[in-house]
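The values are calculated or read from the model by the stated rules, or taken from the named source; none is laboratory data. Small disclaimer: the values here were computed from a predicted structure and weren't measured. Backbone-built Cβ (ideal geometry, glycine too); neighbour counts: all protein chains shown. SASA here: full protein model, heavy atoms, side chains in, ligands and nucleic acids out. Shrake-Rupley method; radii C 1.70, N 1.55, O 1.52, S 1.80 Å.
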Amino acid sequence: MTTALRPARMLTLADVCEELQISRSTFYDWRQKRRAPRCIKLPNGDLRIRRSDLDHWLDEREDAA
């Protein structure tokens, strides 16, 4: 059984902020407090977030009511 490997979708900080409906400053505040999803810091200083990391982070915050 073979599975096709596809590159992980990388989101920009703007993509993540838009999806979560938060400001960039809120994201940086969460990141400083270690409450943000895992980030990858590129050599130019930009941040990227893997789609899978964001989905996992959101799943962990889901309220099981």
Among I22, I49, what's the order by accessible area (1.4 angstrom probe), most exposed first?
I22, I49
Tell me, what is the 1.4 Å probe accessible area of R61, in Å² to the nearest 10?
120
Normalised per residue, the volume inside the convex hull of the alpha-carbon atoms of the stretch 14-65 in Å³ amounts to 89
Taking the Cβ of I49 as the center, what net charge do the other residues with Cβ under 14 Å away carry, scoring Lys and Arg +1 and Asp and Glu -1?
+3
For C17, C39, the accessible-area ranking with a 1.4 Å probe, largest leading, is C39, C17
Pair K41, S25: separation of 7 Å Cα→Cβ label points (nm):
2.2
